[in-house]
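Peer 1: Can you read through this structure? Questions will come right after.
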């Protein structure tokens, strides 16, 4: 007997698979020219022998530090279900001279983070770490300060303020992101690691709602 969570996962994946119609499939000729830039919600794509279904497509827009001036630079977030494993994975893409894609690896909390001397850190330390361009150690791995910036997150008709703190490991093969969400009367934090994805390793199956 499958537990409730597993049953729900199977049902969710079967529903997604059944939604794919033959007429929506991308032709072999089209696949060579299509990237994640060309798909919408409810699309399918393949990456590293797994197939993903996009359940939601939202975006961040960079702003001034006080969130008042929008800069017109966007990062797109694709919330996906892996149809092979049932895991929920986020892919993000942006275009800055060239297409850059990343995928989430692991969700963390502040208890997973320390400074370079081994001391625990929390939300009150973030601005000082950014000012000093310091190191954060996440589960024993060092991540160097890369950038911090403000953004507006668009989820449907809703807009939310998010401040981003970004770090990367020495080999530039893994990123650490700390997101500070405000607007609900209390700041909330999302912390995760991600890794770069080679755009040509993604194959579009269906473009979804575009």
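The values are calculated or read from the model by the stated rules, or taken from the named source; none is laboratory data. Quantities reported herein were computed from a predicted structural model and do not represent experimental measurements. Methodologically, a virtual Cβ is constructed for each residue, glycine included, from the backbone with ideal geometry; neighbour enumeration extends over all protein chains shown.
Peer 1: Looking only at the stretch 41-66, which residues are farther than 17 Å from residue 157 by Cα and crowded, with 17+ Cβ neighbours inside 10 Å?
Peer 2: Of everything in the stretch 41-66, those that are farther than 17 Å from residue 157 by Cα and crowded, with 17+ Cβ neighbours inside 10 Å turn out to be 42, 43, 44, 45, 47, 51, 52, 53, 54, 62, 63.
Peer 1: Keeping to the stretch 101-123, report how many residues are over 19 Å from the mean Cα position of the chain (by Cα) and in a strand (DSSP E or B).
Peer 2: So the count comes out to 3.
Peer 1: Moving to a separate point now. I'd like to verify a number: residues in the stretch 12-27 that are assigned to a helix (DSSP H, G or I), without any contact (Cβ under 8 Å) to a residue 24 or more places away in the chain and over 18 Å from residue 50 (Cα atoms), how many?
Peer 2: 2
Peer 1: Taking into account only those residues within the stretch 93-105 that are out of contact with any helix residue (DSSP H, G or I) (no Cβ under 9 Å at 6 or more places or on another chain) and touching a residue at least 40 places away in the same chain (Cβ under 8 Å), which is nearest to residue 141 (Cα to Cα)?
Peer 2: It comes out as 105.
Peer 1: So in the stretch 166-180, with the set limited to residues that are outside any loop (DSSP other than H, G, I, E, B) and touching a residue at least 24 places away in the same chain (Cβ under 8 Å), which one is nearest to residue 130 (Cα to Cα)?
Peer 2: 167
Peer 1: Filter the stretch 122-145 down to residues that are without any contact (Cβ under 8 Å) to a residue 24 or more places away in the chain and either farther than 19 Å from residue 172 by Cβ or loosely packed, with under 13 Cβ neighbours inside 10 Å (or both), then give me how many there are.
Peer 2: The number of residues fulfilling the criteria is 9.
Peer 1: Hey, can you tell me all the residues within the stretch 134-182 that are under 23 Å from residue 198 (Cβ atoms) and more than 16 Å from the chain's Cα centre (by Cα)?
Peer 2: Hits for the stretch 134-182 are 141, 143, 144, 146, 147, 169, 170, 171, 172.
Peer 1: Would a scan of the stretch 58-77 turn up a residue that is over 20 Å from residue 161 (Cβ atoms) and in contact with a strand residue (DSSP E or B) (Cβ under 8 Å, 6 or more places away or on another chain)?
Peer 2: no
Peer 1: Let me ask something else. Just to verify a result, which residue in the stretch 181-200, among those that are closer than 22 Å to residue 70 by Cβ and outside any strand (DSSP E or B), is modelled with the lowest pLDDT?
Peer 2: This residue is 184.
Peer 1: Another question, then. Spot the failing condition for residue 75; the list is (1) closer than 23 Å to residue 180 by Cβ; (2) not in a strand (DSSP E or B), and only one is missed.
Peer 2: Every condition holds for residue 75 apart from (2).
Peer 1: Within the stretch 133-165, how many residues are under 18 Å from residue 67 (Cα atoms) and part of a strand (DSSP E or B)?
Peer 2: So the count comes out to 17.
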